[in-house]
Amino acid sequence: MVVTAYRPATLAEALRIRAAERAIPMAGGTDLMVKHRRHAGLAPKFERPILFLGHLDELRYVRRHEEGELPGLEIGAATTLTDLLMAAETPAALRQAIAEMAAPAIRNAATLAGNVCNASPAGDTLPALYCFDAQVVLARSGGERRLDIARFIRGPGQTDLGDDELVRAVVLPLVPFDRMLYRKVGTRRANALSKLSFLGLARLDGDIVRDMRCAFGAVAPTVVRCRALEARCINLPRQALAAQRADLLAGYAELIVPIRDQRSSAEYRRAVALRLLSQFLSDL
Amino acid sequence: MIAFVLNGQAVTIETDPLRRLLDVLREDFGLTGTKEGCGEGECGACAVLLDGQLVNSCLMPVGLVAGREVLTIEGYRETPRYRAVAEAFAAEGAVQCGICTPGMIMATEALLARNPNPSDADIREGLSGNLCRCTGYNMIVRAVARAAEKGRGLWW
């Protein structure tokens, strides 16, 4: 029988197979099995061999570490969305995004790393990962590198993953926030792909905005986050944000360049995205 | 060769590891209680338990179940919990055409095993990945609540 899939026993073996065969990594399979499906009764068809990773326990963990200024979280590449929902350390913004993703049966198989590598503009974990400045840990035989999520994801379905690399983990600093607005806009509560999503996070010190971050999903080829616009809000008293609001909305409006597709129109996406931002700013 | 536990029995199968668990269950093992609805993870008709967790067998390559335990409606049917769920579904009129029912029942077991005393919202969340085109869901939600109540002690 033709070998169609490899089931390595360790990450080291997986990395050797990845380098030698250019095999397609598969953790939970919930995106790949749909993308490559054929008629009922037939196995999905892939152009290259598959490399199973979802069974590797060494990649299935949520670990808190204390290096650096802030405590951080390291999430192994085979960690499922359900694992993250159950883990006490998962930041609230990421937890809420996951709670609204798909449905239990998919969250039990799908992984965070898979959502990152799928690099869909509508990937629902991505706004939280962008806001937290998450990094992707890319392993290859004999070394690894870390890349900011915004550099790793290059465009719809496009990542910087090398032919001999696998995502080993996603890491993020546990930045403290005390204000959050997350909204996923879809046609149905469960199992809907987002028309758009918005995440706003802030930390206030009395009336002063000490930290503020916003990310928009599914309104551009990749998640929209703009540090220059965020910087305008930081260290302002929150009452002063009202005066900034029109400028901020205009600034983000330039970055929000949605497409029209079967899920929504460009106009709807743009209008709702800006209204959610406006609501977040007025609720601060 | 892929070895796993199917409904409590150790099984092995020589097949393409990328075949869907759904097809292997139905075609190789003759377990046709697991249904194909949409074939893309939207409807839950193909739901089975993998190591006690609900998964869609249409999205699961059989190579990923090696060494794990699969429970289908046929295996679940042999348990007292199943009898409590089945009686509740019958009593509440939660079955009409029946295509979604095996998946609904596996989702019910997955829910009650973690949360034996679910609220209405918990039930709707637990069944959120399972579509039913006949009942309008309220009867199914009531059936799950009834199973939890009448079957008290079975899931503790």
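The values are calculated or read from the model by the stated rules, or taken from the named source; none is laboratory data. None of the values given here were measured: they were computed from a predicted structure. Please note: Cβ atoms are built from the backbone with ideal geometry, for glycine as well, and neighbour counts cover all protein chains shown.
For the range A:202-245, which residues satisfy the criterion of being under 18 Å from the mean Cα position of the chain (by Cα), in a loop (DSSP other than H, G, I, E, B) and of a type in the set (A, V, I, L, M, F, W, C)?
Result: A:Ala218, A:Val219, A:Ala220, A:Val223, A:Cys226.
Quick check on this structure: which one of B:Val24, B:Val11, B:Val95 is assigned to a loop (DSSP other than H, G, I, E, B), over 20 Å from A:Ala110 (Cβ atoms) and either facing chain A (nearest Cβ under 10 Å) or not polar (S, T, N, Q) (or both)?
Values: B:Val24 fails: assigned to a loop (DSSP other than H, G, I, E, B); B:Val11 fails: assigned to a loop (DSSP other than H, G, I, E, B).
Of B:Val24, B:Val11, B:Val95, the one residue that is assigned to a loop (DSSP other than H, G, I, E, B), over 20 Å from A:Ala110 (Cβ atoms) and either facing chain A (nearest Cβ under 10 Å) or not polar (S, T, N, Q) (or both) is B:Val95.
So that you can scan it fast, the table gives a plain yes or no per residue for (1) of a type in the set (Phe, Trp, Tyr); (2) at positive phi; (3) in contact (Cβ under 8 Å) with a residue 40 or more places away in the chain:
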residue: A:Arg140; (1), (2), (3): no, no, yes
residue: A:Glu144; (1), (2), (3): no, no, no
residue: A:Phe152; (1), (2), (3): yes, no, no
residue: A:Gln158; (1), (2), (3): no, no, no
residue: A:Val175; (1), (2), (3): no, no, yes
residue: A:Asp178; (1), (2), (3): no, no, no
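In the range A:84-117, what count of residues is obtained for those that are within 14 Å of another protein chain (Cβ to nearest Cβ) and among the small types (Gly, Ala, Ser)?
7
Give the residues of the range A:204-232 that are buried (at least 20 other Cβ atoms within 10 Å of the Cβ) and more than 28 Å from A:Gly155 (Cβ to Cβ), sorted by residue number.
A:Val209
Please determine, by comparing only the residues of the range B:51-81 that are buried (at least 23 other Cβ atoms within 10 Å of the Cβ) and of a type in the set (Ser, Thr, Tyr), which one is nearest to A:Pro44 (Cα to Cα).
Per the criteria, the residue is B:Ser57.
Provide a single number: the residues in the range A:68-87 that are surrounded by fewer than 23 Cβ atoms within 10 Å (Cβ to Cβ), among the small types (Gly, Ala, Ser) and assigned to a loop (DSSP other than H, G, I, E, B).
Selection size over the range A:68-87: 2.
Residue under question is A:Gly142, and the condition is that it be modelled with pLDDT under 95, under 28 Å from A:Glu13 (Cβ atoms) and of a type in the set (Gly, Ala, Ser); does it hold? Steps first, please.
Details: modelled with pLDDT under 95: yes; under 28 Å from A:Glu13 (Cβ atoms): yes; of a type in the set (Gly, Ala, Ser): yes.
For A:Gly142, the condition - modelled with pLDDT under 95, under 28 Å from A:Glu13 (Cβ atoms) and of a type in the set (Gly, Ala, Ser) - is met.
Consider B:Val24 carefully, then state whether it is among the β-branched types (Val, Ile, Thr), touching a Ser or Thr at 6+ places or on another chain (Cβ under 7 Å) and surrounded by 20 or more Cβ atoms within 10 Å (Cβ to Cβ).
Details: among the β-branched types (Val, Ile, Thr): yes; touching a Ser or Thr at 6+ places or on another chain (Cβ under 7 Å): yes; surrounded by 20 or more Cβ atoms within 10 Å (Cβ to Cβ): yes.
So B:Val24 passes the test.
Restricting to the range B:99-134, name every residue that is polar (S, T, N, Q), free of Cβ contacts under 8 Å to residues at least 12 places away in the same chain and within 12 Å of chain A (Cβ to nearest Cβ).
At the first step, the residues of the range B:99-134 found to be polar (S, T, N, Q) are B:101, B:108, B:115, B:117, B:119, B:128, B:130.
Okay, now just the ones that are also free of Cβ contacts under 8 Å to residues at least 12 places away in the same chain, so B:115, B:119, B:128.
Answer for the range B:99-134, where residues must be polar (S, T, N, Q), free of Cβ contacts under 8 Å to residues at least 12 places away in the same chain and within 12 Å of chain A (Cβ to nearest Cβ): B:Asn115, B:Ser128.
Which ones in the range A:88-108 are part of a loop (DSSP other than H, G, I, E, B) and of a type outside the set (S, T, N, Q)?
Quick first cut of the range A:88-108, residues part of a loop (DSSP other than H, G, I, E, B) only: A:88-91, A:100-103, A:108.
Listed by number, the residues that qualify are A:Ala88, A:Glu89, A:Pro91, A:Glu100, A:Met101, A:Ala102, A:Ala103.
Given A:Ile153, A:Ile256, which one is under 21 Å from the mean Cα position of the chain (by Cα) and closer than 27 Å to A:Gly54 by Cα? Walk me through how you get there before you give the answer.
Numbers: A:Ile256 fails: closer than 27 Å to A:Gly54 by Cα.
Exactly one residue qualifies, and that residue is A:Ile153.
So which residues in the range B:51-92 are more than 7 Å from chain A (Cβ to nearest Cβ), closer than 20 Å to B:Phe4 by Cα and aliphatic (A, V, I, L, M)?
Kept after step one, since they are more than 7 Å from chain A (Cβ to nearest Cβ), are these residues of the range B:51-92: B:51-52, B:57-58, B:62, B:65, B:67-92.
With the extra rule that they be closer than 20 Å to B:Phe4 by Cα, the set shrinks to B:51-52, B:57-58, B:62, B:65, B:67-78.
Matches in the range B:51-92: B:Val62, B:Val65, B:Val70, B:Leu71, B:Ile73.
Can you tell me which residue in the range B:38-50 is surrounded by the fewest Cβ atoms within 10 Å (Cβ to Cβ), limited to those that are facing chain A (nearest Cβ under 8 Å) and over 9 Å from the mean Cα position of the chain (by Cα)?
B:Glu40
Within the range B:100-126, track down each residue that is crowded, with 23+ Cβ neighbours inside 10 Å and outside any helix (DSSP H, G or I).
Correct list: B:Cys100 only.
Look at A:Arg64 and say whether it is surrounded by 12 or more Cβ atoms within 10 Å (Cβ to Cβ), in the same structural domain as A:Leu85 (by TED's automatic domain parsing) and either free of Cβ contacts under 8 Å to residues at least 40 places away in the same chain or among the polar types (S, T, N, Q) (or both). It would help to see each step written out before you state the result.
Numbers: surrounded by 12 or more Cβ atoms within 10 Å (Cβ to Cβ): yes; in the same structural domain as A:Leu85 (by TED's automatic domain parsing): yes; either free of Cβ contacts under 8 Å to residues at least 40 places away in the same chain or among the polar types (S, T, N, Q) (or both): no.
Here the answer is no, as A:Arg64 does not meet what is asked.
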